[in-house]
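Step one of this worksheet: look at the structure below.
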Amino acid sequence: MKISGWGGTTRQECRVTRPRHEAELAARIAEGGLIARGAGRAYGDAAQSALNTVDMRRFDRMIAFDEETGQLVTEAGVRLSDVIAAFLPRGWFPAVTPGTKHVSIGGMVASDVHGKNHHRDGSFGAFVDWIDLMGPDGRVRRLTRGDNDEMFGWTLGGMGLTGVILRVAFRLRRVESGWIRQKTLVAADLRQAMEIFEANQDATYSVAWIDCLARGAAAGRSIVLLGEHAAASEVAPEHRARPFEVPLRKKKRIPLHAPSWALNRLTVRAFNALYYRQGVKAAGERLVDWDAYFYPLDAIEGWNRIYGRRGFVQFQCAFPLAEAEAGLGALLAEISAAGQGSFLAVLKRFGPQQGRISFPMEGYTLALDFPLQARTAALLERMDRITVASGGRFYLAKDARMTPHTLRRADKRMADFIAMRERQGLTEAFSSTQSERLAL
Amino acid sequence: MSDATTTKGAVLVLGGKSDIGRAIARAFAGAGHAVMLAGRGTAAMEADRADIELRHRVPVSVHEFDVLETAGHAAFADALPALPEIVVSVVGYMGDQAESEADPEAAAQVMRTNYEGPAAILALFANRFEARGSGVIIGISSVAGDRGRATNYVYGSAKAGFTAFLSGLRNRLARTGVQVITVLPGFVATAMTEGMDLPGKLTAEPEEVAQAVLRAVRKGRDVIYVKPVWWLVMAVIRNIPEGIFKGLKI
């Protein structure tokens, strides 16, 4: 069947199977060239393999929950949305969440996802206690943090290339309500946005939407959103009796691929300007429900279709702190000069990061998306170069088009990752279209 | 989501290990119903028991059940913690058409698993529900029963029998407070159809079947096609004159 990543640019005819038992899975692994696919939310070709894509959605059971520690054990195919549905009413929320709740727990481990609290809490991996991994021989090993087992570290952010993630034990955090106190701050330019991040290191959540088409003095103007879980006493009086229940959002649906002319320099510029003005108006503090705060795009089913049938590519890089301002400035100048803005450009301060192969590094990350057009490829190449020149690296969960050469120059850890794959006999057993493209 | 204090009447899922059975169990548990999972080999259902209890905080029990052991059906029903409010039969077995053509034993297996067994156990619950004056009986049949086709008529004929049985049961129980629902899924992405090249737009996920069943109970429906387009597809197929139909390859 034809499958692709969320960006829709990597459609490929793949053999997809849906095992239900570990024995079936082991038989698939023996065939080689296998990649596990969770919710299909990686943007590029990370979760597809022409000969051997394994859809993990039938491994979707919750196994155990510890009320004392907040540790939840689930099979890898469980969706984050199901975790929230089951545990928010009991006063628990994911300790780290990406920008969509429609991801699988296995995918969260494979990408070692980060959230708006990375500057304080690190990535999802910081809350993972153990991982059950099926190796190339079909045997299952429990990888534990701190047991000197290098595979634990390689599996967090290892893009499913260390084996099939079967079960994960990870910790949730206690919350008193389903509401977030959101504070909106306006930054007139990039430097101010960064100053706001630096001054608000104590905020639990922080993220900025950045107008990537603004030029000159306004380059990098941003709306910075800070957030704190609201205490029970802070919830609006009408919701206080049931603090975990929030009003259902009206679901919108993009039923069709938008025609390619719908998205052009003018519409994107207008959208960006409008969004900025709205943010300026909304400056201040208010209560927002968890779904609207963490997952604004989840309310629009199939939002990826606004980019048209050809799809879109995501670009996300991270810069070390010392190089961040120069690197980000250069990237924004390049994008705005090309006039190829993105609806959603997101800037975020990263804190310290542990792990062998995880994407984040202390500094700043910028994420953008571009509809796939002929001239996009050249722009992305230029952005790759700027990133590498400033010591930055790339997020493989977003990548759909990088070259192996770029990846190796940006990320010196890849050589060790490749050597480890060879040493452990993983290279033949586990591969994705992405890993083939990047020669991992 | 509900807490144990407000648990609704139990739903008994016959075929609780199947993809559709698991999805139905979860959907009803999510709506606050207690769950009884029944199938061959209770050990294989323990993981689902834990999953549903953890997700939905409703009581879940697992029960050994073999649809073909009709002599044991009454004892099975007697051993349940209580007479359920809702019983769903998800039991089904496609078999291999070529094998069913060549081997009468293989054909009988398909016929008994899709018709005789499910009809027998639902008949038993029908009588008990009738005596109580309430209950919901749900049979997962198949559009394959709407018209026999060369590619799967042994399976289809058994499903046709099951569909007719449910229809008659509904007619009989219409004034008793017992609801009988016939579910006609088209293609569903399950273990049974794994490896088949199914058209995406006509193929439902087990979770869609489960939601359709839950809606049918709430709305008091009689017969549902999971994806509405299947009603149209089958209306066309049923109305092709036999003289033409017999020459078609569909």
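The values are calculated or read from the model by the stated rules, or taken from the named source; none is laboratory data. From a predicted model like this one, the values you see are computed outputs, not experimental measurements. Ideal geometry is used to build each Cβ from the backbone, glycine not excepted, and the neighbour counts take in all protein chains shown. Note: accessible area is taken over every heavy atom of the protein model, side chains too, but ligands, DNA and RNA are not part of it. Shrake-Rupley method; radii C 1.70, N 1.55, O 1.52, S 1.80 Å.
Observations, loosely collected:
- The condition of being over 19 Å from A:Asp399 (Cα atoms), at pLDDT 95 or above and either out of contact with any Lys or Arg (no Cβ under 6 Å at 6 or more places or on another chain) or not hydroxyl-bearing (Ser, Thr, Tyr) (or both) holds for only one of A:Gly355, A:Gly339, A:Gly363, that being A:Gly363.
- Scanning region A:350-380 for residues that are basic (Lys, Arg) and either touching a Leu at 6+ places or on another chain (Cβ under 6 Å) or in a loop (DSSP other than H, G, I, E, B) (or both) turns up just one, A:Arg356.
- Helices (runs of 4 or more DSSP H) wholly inside region A:44-123 containing at least 2 residues that are free of Cβ contacts under 8 Å to residues at least 24 places away in the same chain: A:80-87
- Considering region A:1-50, the residues that are surrounded by 16 or more Cβ atoms within 10 Å (Cβ to Cβ), of a type in the set (S, T, N, Q) and under 18 Å from A:Arg401 (Cα atoms) include one that is farthest from the other protein chains (Cβ to nearest Cβ), namely A:Thr9.
- Total residues in region A:404-440, condition open to solvent by 50 Å² or more (accessible area, probe 1.4 Å), within 23 Å of the chain's Cα centre (by Cα), closer than 21 Å to A:Gln12 by Cβ and of a type outside the set (A, V, I, L, M): 2
- Of the criteria (1) in contact (Cβ under 8 Å) with a residue 12 or more places away in the chain; (2) within 14 Å of chain A (Cβ to nearest Cβ), which one B:Phe28 fails: (2)
- Residue identified as farther than 30 Å from A:Leu440 by Cα, charged (D, E, K, R) and open to solvent by 40 Å² or more (accessible area, probe 1.4 Å) among A:Arg79, A:Arg61, A:Arg57, A:Arg90: A:Arg90
- Residue that is farthest from B:Ile140 (Cα to Cα) [pool: residues in region B:180-210 that are in contact with an Asp or Glu (Cβ under 8 Å, 6 or more places away or on another chain) and more than 14 Å from chain A (Cβ to nearest Cβ)]: B:Val180
- Residue list for region B:222-233, restricted to those being under 19 Å from the mean Cα position of the chain (by Cα) and open to solvent by less than 90 Å² (accessible area, probe 1.4 Å): B:Asp222, B:Val223, B:Ile224, B:Tyr225, B:Val226, B:Lys227, B:Trp230
- Qualifying residues in region A:132-164 (those that are in contact with a strand residue (DSSP E or B) (Cβ under 6 Å, 6 or more places away or on another chain) and of a type in the set (A, V, I, L, M, F, W, C)) - the one farthest from A:Arg215 (Cα to Cα): A:Val140
- Where a residue in region B:42-58 is more than 8 Å from chain A (Cβ to nearest Cβ) and its partner, wherever it lies, is among the aromatic types (Phe, Trp, Tyr) and in a helix (DSSP H, G or I), with Cβ under 7 Å and at least six apart: none
- Qualifying residue in region A:256-269 (condition: among the small types (Gly, Ala, Ser), touching a residue at least 12 places away in the same chain (Cβ under 8 Å), surrounded by 14 or more Cβ atoms within 10 Å (Cβ to Cβ) and more than 21 Å from A:His118 (Cβ to Cβ)): yes
- Selected residue (only one of A:Leu438, A:Leu379 is without any contact (Cβ under 8 Å) to a residue 60 or more places away in the chain, touching a Pro at 6+ places or on another chain (Cβ under 7 Å) and among the aliphatic types (A, V, I, L, M)): A:Leu438
- Residues satisfying the criterion are present in region A:170-187 (criterion: crowded, with 22+ Cβ neighbours inside 10 Å and under 30 Å from A:Thr427 (Cβ atoms)).
- Restricted to region B:143-175, and to residues there that are among the polar types (S, T, N, Q) and closer than 21 Å to B:Val233 by Cβ, the residue that is surrounded by the most Cβ atoms within 10 Å (Cβ to Cβ) is B:Thr163.
- Options A:Phe124, A:Phe59: the member that is away from chain B (no Cβ under 11 Å) and under 27 Å from A:Leu25 (Cα atoms): A:Phe124
- Matching entry among A:Ala283, A:Ala333, A:Ala322 (being small (Gly, Ala, Ser) and surrounded by 14 or more Cβ atoms within 10 Å (Cβ to Cβ)): A:Ala333
- Scanning region B:155-214 for residues that are of a type in the set (Lys, Arg) and within 14 Å of B:Asp19 (Cβ to Cβ) yields nothing.
- Restricting region A:64-73 to residues that are facing another protein chain (nearest Cβ under 9 Å) and surrounded by 18 or more Cβ atoms within 10 Å (Cβ to Cβ), the residue that is farthest from A:Val346 (Cα to Cα): A:Phe65
- Of the listed requirements (1) farther than 12 Å from B:Val67 by Cα; (2) touching a Leu at 6+ places or on another chain (Cβ under 9 Å), B:Gln109 misses just one: (1).
- Those strands (runs of 3 or more DSSP E) of region A:131-214 in which at least 3 residues are aliphatic (A, V, I, L, M), within 22 Å of A:Gly351 (Cα to Cα) and under 19 Å from the mean Cα position of the chain (by Cα), considering only elements entirely within it, cover A:205-210.
- The residues of region A:93-119 that are within 14 Å of another protein chain (Cβ to nearest Cβ) and surrounded by 21 or more Cβ atoms within 10 Å (Cβ to Cβ) amount to a single one, A:Ile105.
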